[in-house]
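Below is one structure, written out as C-alpha cells, with a few remarks after it.
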Amino acid sequence: MKSKNVFSAALLIIATNSFAGWQPIIGIPKPPFGVEESHAMYSDCSKYKYDYGQGDQCYRVGADGPFTHYIEPNRVGATDVNNPLGTPEIPRVSFPENSTIAPGSVIQIVGTMVAPNIRVSASATTSRPTFVRGSDPKVDVVKASATDGTMFRFLESDNYIFENLAVDLNGLKIRAMRFGLVDHSLTNFAIRNCEFKNSTGEGNLVVSFGHNFPAHNTLSSIVIWKNRFHDLGTDRTTLGTDDHTAIALERNTKNVWIVDNEFYRIGGDGVYLAHDAPPVDSVAPHHIYIGRNLFHDLFENAVDVKMANHVILSQNVAHSFGPEYCTNCGPNEPAFRQGEGNGSPAEKRSYIWTLYNLVYNSSGPDGVFNAFEGADKAPSNEIYFIGNIAYHIRGKNKDARPFASWNQERIYWLNNVAFDTDVGAAFWGDSDDTNNNEKLTIMNNIFGTTDQQSSRPFQLYISGTEESLSRADVESNLFYQEDGVAKLRFGSFAGSVDDFVAAVPSKAVGSVEADPRLNHVAELSFVPASDSPVVDRGSSIQRALDTFEAQYGMTITSDYEGESRVVDGDNDGVAKVDIGPLEIAGHIIPIPPALRLAD
C-alpha cells in the first residue's frame, strides 16, 4: 500500500492561486455566489449592455476584458475632472462616485490607487454583479493613506466581487474592509485572489463583518476565497494588547465561506468568530464554513471560535505555532481554539464541527485542538472533532498537547490521531455533578507516542466525577508508545492499557495497544498499511454522521481523499470503519516536496 498525502490537495489549490473552479471540501456546501461569476460574461453583447452616458451599448473591452470604469492613477493625463468613468486613454485617479456605479459595473484598477476611507453604497444584482478588480495582485494595488479608519466601507453594496488586487495597509493601523455599518442587510459579496498585507501598530481587524443593529440586518452569503493575508501586526510582542486579526466575523453574520486562503506572519488570529457586547436582538455568527486554508507563523490562533453556532472547520492545515517554530509566534496558543473566558456573555456554542484538519510543528499546552468554557459560562453542546491529525506537537517545556476539552456538554472525539507529542490528549468531564447532560465520547482514535519524561506521560488523560465518568463512551481506541508501554489515566485509575482493560472493562471495549503501522508518518501521510491493527477495528460513528446530514443536508461519510469511511478492509465480508482518520482503501497522491517537514 502506497501512501497518500492527506492535505496535498489543499496546498496545491492555494499554490496555484487561480480560479480553477470549486473543488469540494468535506462537509462544506458550494457557495451560491462568488466562485463562478466572471466579468468576462459582460463581453456577450447579446445578453449584456451598459449605459456609459449615452444609452445602452456593448461593454467596452480593454486589455483585461470588459470594463465600465477605468482607474490608472500613474498614467500621464489621468484625471477625475469631468471624467466620471475613465478610459484607458484618459483614466481616473481615484475610486468613482457611487452615483456612477450601476448594476453590472466593472471597475478596473491598474497600477496603484490610494484608498482613503472610501464608502461604497451602490448596489448591484445577482444577475448583474459589480466587479472591483485588478488583473494581477502583484502589480495592481490599493494602498492606505489615512492614519486611522477603514480603506473600504461597504454599506449597501450587495452583489459585489472584489478580485485580483493587493490591499496594502502601508504600515498603518487601519482596517482594509468593514461591512455592516448602516441599518441595512448586505448579501452576496466575494473577495477572491487578493493579498492583504503590511499593517502595524495597535490592534486591528483587517477585514471585519458585524452589525450593531437588530438581527433582521444580516451580513450573508460572503465568500473569501483564494487570498493571502500576511505580515499584519508582526511587531506584536505580548498577549492582551495590539491584537491583529485577519478576518473577524461578529454580530448578525451568517452563511460565510472562508476557503483556500493562506494566512501567515499575523500578530493575532487568522479567523476570529465572536458575539462581543451584542446589542439587543442580535445573533451570534452562524453557518460559517472555514475550509482548506493554510495557517502558519501566527501569534495567536489559526481559528478562534469564541461564540458562534453551526461552524464547519474542514481540511485546514496549520503549522509552526509557538516560539519554538517561528520568530513572531505568541506563547503557545492553540491552532484551533473554541472557547471564551470568564465574564463573557451567557451564550452557548453549538454544532461546531472540526473535520479532517492537520496541525504539525506546534507547542500549545492547552491542546492544538481544544474546546473549553470559563467557569461561569454555560457549557457548549454538540461539539465534534472527527478525523483530525496532530503530529510533532513538541515544546521546550515538554507540555505540548494534541487535544483537550473541558466544561463542555456533549462533545465527540472520533477517529483522530495524535502522534509524537509531549503529553497526550486530556479531557475533563463534569467536575461537580451540576450538568447531567454532559457526556464525553472518545472513539476510534489513535493515541501515539508521548514524551515519557513529561509531567503527565499518558497517551490519554480523562478526569471527572464518578457520574461524569460513568456517562462517558470510551471505546475502540488504539494506544502506542514507540519506546515503551503506553499509559492512560481514567479518573483514579492510572496504568497500562492491559491494566485499564482489566480494571475498567466497560470503558475499554475494542481498545488495544499496538503499533498502528501508518505509512510515511514523517511525510505527513497517515494511511494504514494493509496489516495495520486499525483496519476494520472501529466502532460505529453513524450517530454523528446522521446528525450532520440532518442538520446540513449533505454527508461526511468519506475521508480526506473521498474514500468511504466504511469499507471491508480486512476482506472478512463485513464493512467497518477503521480506527483513525483514513481508511485503508486509497489511491496514490504525490507528496509535494515543499510540504514535507523541515529538518
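The values are calculated or read from the model by the stated rules, or taken from the named source; none is laboratory data. Please read these numbers as outputs of a predicted model, since none were measured by experiment. Glycine gets a Cβ as well: all are built from the backbone with ideal geometry, and neighbour counts include every protein chain shown. We work out accessible area using only protein heavy atoms, side chains counted, and drop any ligands, DNA or RNA first. Shrake-Rupley method; radii C 1.70, N 1.55, O 1.52, S 1.80 Å.
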Length-normalised contact order of segment 103-595, Cα under 8 Å, at least 6 apart, in percent, tallies to 7 percent
Site Ala514, offset 7 angstrom along Cα→Cβ, radius 18 Å on amide nitrogen, limited to segment 380-422, gives 415-418
Quick check on packing: order 111-118, 466-473 by the mean number of other C-beta atoms within 10 Å, highest mean leading. 111-118, 466-473
Can you work out the accessible area per residue across the chain, with the rest of the protein chains kept in place, probe 1.4 Å, in square angstrom? 36 Å²
Calculated FRET value between Asp498 and Gln23, using beta carbons and R₀ = 51 Å, to 0.05: 0.70
Could you tell me the calculated FRET efficiency between Asp80 and Gln551, based on Cβ-Cβ distance and R0 = 41 angstrom, to the nearest 0.05? 0.20
Note down the nm distance, to one decimal, between modelled labels 7 Å out along Cα→Cβ at Ser38 and at Asn212. 4.2 nm
Per residue and in Å³, how big is the convex hull formed by the alpha-carbon atoms of segment 452-593? 163 Å³
Going down the list Lys348/Lys439; Lys254/Lys377; Lys396/Lys507; Lys507/Lys576, which pairs span over 25 Å between their C-alpha atoms? Lys396/Lys507
Result for the chain, cysteines with no Cys Cβ partner under 4.7 Å, is Cys194
When N is the residue count of segment 119-200, what does its C-alpha Rg come to as a fraction of 2.2 N^0.38 Å? 1.10
Could you check how much of the accessible area of segment 103-595 is carbon and sulfur, as a whole percent, using a 1.4 Å probe? 47 percent
If you stretched the chain out fully between Glu466 and Asp432, how much longer would it get, using 0.36 nm times the residue separation minus the C-alpha to C-alpha distance? 11.3 nm
Could you work out the percent of alpha carbon pairs in the chain separated by over 33 Å, rounded to a whole number? 45 percent
Filtered hits (lysines, Cα-Cα < 16 Å from Lys226, offset >= 8 within chain) -> Lys30, Lys138, Lys197
What residues qualify as long-range amide H neighbours of Glu513, i.e. H under 5 Å apart, gap of 5 or more or another chain, H built at 1.01 Å from N? Phe479
Measuring from the longest principal axis of the C-alpha atoms of the chain, the long axis of helix 542-552 (C-alpha) lies at a number of degrees, nearest 10, equal to 20 degrees
Treating cross-link reach as a plain straight distance, find the aspartates and glutamates whose alpha-carbon is under 19 Å from the alpha-carbon of Lys173, omitting any fewer than eight places away in the same chain. Asp148, Glu195, Glu202, Asp231, Asp235, Asp242, Asp243, Asp269, Glu300
For segment 54-71, Karplus couplings with θ = phi - 60° (6.51, -1.76, 1.60), whole Hz, Gly/Pro x: 10, x, 4, 8, 4, 5, 5, 10, x, 5, 10, x, x, 8, 10, 10, 9, 10
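Given a Förster distance of 35 angstrom, what is the FRET efficiency for Asn571 paired with Lys396, based on the Cβ-Cβ distance and rounded to 0.05?
The calculated FRET efficiency here is 0.15.
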For segment 184-330, with equal point scatterers placed on the C-alpha atoms only and solvent neglected, what are the log10 I(q)/I(0) values from the Debye formula at q = 0.11, 0.13, 0.15 1/Å, to two decimals? -0.38, -0.54, -0.71
